[in-house]
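Enquirer: My questions will all concern the structure given below.
The values are calculated or read from the model by the stated rules, or taken from the named source; none is laboratory data. These numbers were taken from a predicted model, which means no experiment stands behind them. For neighbour counting, all protein chains shown are included, and Cβ atoms are generated from backbone atoms with ideal geometry for every residue, glycine included.
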Amino acid sequence: MSGRHFLGARSANIIFVFVLLTLIGLANLYSAGAETTYFAVQLRHTVIGFLCFVVTGWFVSPRLMNTYAYLFFGAICIGLVVVLILGHTAGGAQRWIRLGSFRFQPSEMAKLAVAFAVAKFFYHNRLPQYFLRDIWPILAVCLATFVLIFKQPDFGTAGICLLIALTQFAFVRVKVGFRAILAAGIGACITALVGWSFLLRPYQKQRILTLLNPGMDPSGSGYNSLQSLVAIGSGKVFGKGFMQGTQTQLQFLPARHTDFIFSVFAEEHGFWGCMFIFLLFAALIYQCLEISRESKDVFNALLGIGIAGLLTIEFSLNVAMVLGMFPVVGMPLPFFSYGGSAMLTVCLSVGILIAIDRDNARKSSQSIL
């Protein structure tokens, strides 16, 4: 039987949660921008993303992903370089490559590319235990990716790429001595001081200061956080109802279709609605981890961990951001925020999970036979 006919035990759960989150996200975006074209464009993005999800999940094998992992990573890095030279600028940031009427954001796809590169590295360089000297090449590659994205500037996405890699490192036996930890701590302090003094732009510094005290500039950099908290708080326990959120419909809530899309949902559906979304994401991430645990292949296992890290980090940081617990750094909420590149990345990620689970099922069937 062809491998594509196998459907892993966890795939049905993933597909159910994936479809449900996508539909809820589209409905929420419609409410957030009912008088705009955002919904129609995002619907097109979703259709394209769903087609990529099906192709990746049922017609691309993990073995093929493993073979071309470095090539994929290299192509994305070339795209990041092209962005810095010829990229389209919008909102003070140079992050996009224009492809006719479409705009592609390589930094979004870099999240997946980093997960691919780390998984491939540990698959190709298998050791019972790693020391820092063994993993410095992949650390250097991840830092180079961080720099390329940070230069756009996009500190949020650059940081997510590093955190995804660190999530994968956490599931590999890397022995770190006290001196290495001390050196890393000192290096982090020096980097923070240099970054604050010479690398961070004034608006980035202001966002960090606003996090500590949103009231210091209520009509400026603190406006977004304060309006978000008002919207979330006004939702109370059960919310105001679909398209009934005053902060959203009266357009007091800024960036309501992108960064603060969760505030729209919280205002309209309240505490219990938010808990439902939390449970859906928790279920999806749990399935990611279980698929990784069941994988008998290092590449598949670490790639699944990377995708779990991507979804966990983006969801957690976006919610923390709209709650005023994290600086406003342009963090999309998976399945909810407007954006073609972000939706494509999420759909490909879930498709990869289906492919890995399908491969696990095929190998289990072969071992039984």
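Enquirer: Checking Pro153 against (1) in contact with a Lys or Arg (Cβ under 7 Å, 6 or more places away or on another chain); (2) at pLDDT 85 or above; (3) farther than 24 Å from Val41 by Cβ: exactly one of these is not met. Which one?
Expert: Tallying (1) in contact with a Lys or Arg (Cβ under 7 Å, 6 or more places away or on another chain); (2) at pLDDT 85 or above; (3) farther than 24 Å from Val41 by Cβ, Pro153 fails exactly one: (2).
Enquirer: When you look at Val141, is it out of contact with any Gly (no Cβ under 8 Å at 6 or more places or on another chain), crowded, with 16+ Cβ neighbours inside 10 Å and not in a helix (DSSP H, G or I), yes or no? Talk me through it step by step, then tell me what you get.
Expert: Numbers: out of contact with any Gly (no Cβ under 8 Å at 6 or more places or on another chain): yes; crowded, with 16+ Cβ neighbours inside 10 Å: yes; not in a helix (DSSP H, G or I): no.
No: the conditions fail for Val141.
Enquirer: Sticking with this structure for a sec: If a residue has to be more than 30 Å from Ala301 (Cβ to Cβ) and among the basic types (Lys, Arg) to count, how many in region 30-80 make the cut?
Expert: Adding up the residues that qualify gives 1.
Enquirer: Looking for something acidic (Asp, Glu) and more than 23 Å from Cys52 (Cα to Cα) - is there at least one such residue anywhere in region 297-310?
Expert: yes
Enquirer: Would you point out the residue of region 284-305, among those that are among the polar types (S, T, N, Q) and part of a helix (DSSP H, G or I), that is surrounded by the most Cβ atoms within 10 Å (Cβ to Cβ)?
Expert: Asn300
Enquirer: Which condition breaks for Val346 when tested against (1) among the β-branched types (Val, Ile, Thr); (2) under 15 Å from the mean Cα position of the chain (by Cα); (3) surrounded by fewer than 23 Cβ atoms within 10 Å (Cβ to Cβ)?
Expert: All conditions are met except number (3).
Enquirer: State whether one or more residues within region 78-89 are under 19 Å from the mean Cα position of the chain (by Cα) and either closer than 26 Å to Ala361 by Cβ or touching a residue at least 60 places away in the same chain (Cβ under 8 Å) (or both).
Expert: yes
Enquirer: Mind checking which residues of region 102-121 are closer than 16 Å to Val174 by Cβ and either small (Gly, Ala, Ser) or surrounded by fewer than 22 Cβ atoms within 10 Å (Cβ to Cβ) (or both)?
Expert: Ala119, the sole residue that qualifies.
Enquirer: Based on this model, can you work out whether Ala184 counts as within 24 Å of the chain's Cα centre (by Cα) and either under 20 Å from Val147 (Cα atoms) or at pLDDT 65 or above (or both)?
Expert: When the stated conditions are applied, Ala184 does not pass them.
Enquirer: Filtering region 144-175 down to residues that are among the small types (Gly, Ala, Ser) and surrounded by fewer than 20 Cβ atoms within 10 Å (Cβ to Cβ), which residue is farthest from Ala90 (Cα to Cα)?
Expert: The initial filter retains those residues of region 144-175 that are among the small types (Gly, Ala, Ser), namely 144, 156, 158-159, 165, 170.
Still in the list and also surrounded by fewer than 20 Cβ atoms within 10 Å (Cβ to Cβ): 144, 159, 170.
Details: Ala144: 24, Gly159: 21, Ala170: 36 Å.
Among those residues, the one meeting the criterion is Ala170.
Enquirer: Quick one: which of Leu127, Leu148 is in a helix (DSSP H, G or I) and out of contact with any strand residue (DSSP E or B) (no Cβ under 9 Å at 6 or more places or on another chain)?
Expert: None of the other options fit; the residue is Leu148.
Enquirer: Please go through region 216-264 and pick out each residue that is at pLDDT below 85, of a type in the set (Gly, Ala, Ser) and buried (at least 23 other Cβ atoms within 10 Å of the Cβ).
Expert: Result: Ser225, single match.
Enquirer: Can I ask one more? Do you know which of the residues in region 30-51 that are within 11 Å of Leu344 (Cβ to Cβ) and crowded, with 18+ Cβ neighbours inside 10 Å is modelled with the lowest pLDDT?
Expert: In this case the residue turns out to be His45.
Enquirer: To continue, here is another question. Can you tell me which condition Ala308 does not meet? The list is (1) surrounded by 24 or more Cβ atoms within 10 Å (Cβ to Cβ); (2) closer than 30 Å to Pro202 by Cα, and all the others hold.
Expert: (2)
Enquirer: Look at Ser337 and say whether it is modelled with pLDDT of 90 or more, more than 18 Å from Gly57 (Cα to Cα) and among the small types (Gly, Ala, Ser). Show your work before the answer.
Expert: Values: modelled with pLDDT of 90 or more: yes; more than 18 Å from Gly57 (Cα to Cα): yes; among the small types (Gly, Ala, Ser): yes.
Criteria met by Ser337.
Enquirer: Can you work out which of the residues in region 122-135 that are surrounded by fewer than 16 Cβ atoms within 10 Å (Cβ to Cβ) and either among the polar types (S, T, N, Q) or modelled with pLDDT of 90 or more (or both) is farthest from Ile181 (Cα to Cα)?
Expert: His124
Enquirer: Let me ask you something else. Identify the single condition in (1) touching a residue at least 60 places away in the same chain (Cβ under 8 Å); (2) at positive phi that Gln251 does not satisfy, given that it satisfies every other one.
Expert: Single failed check for Gln251: (1).
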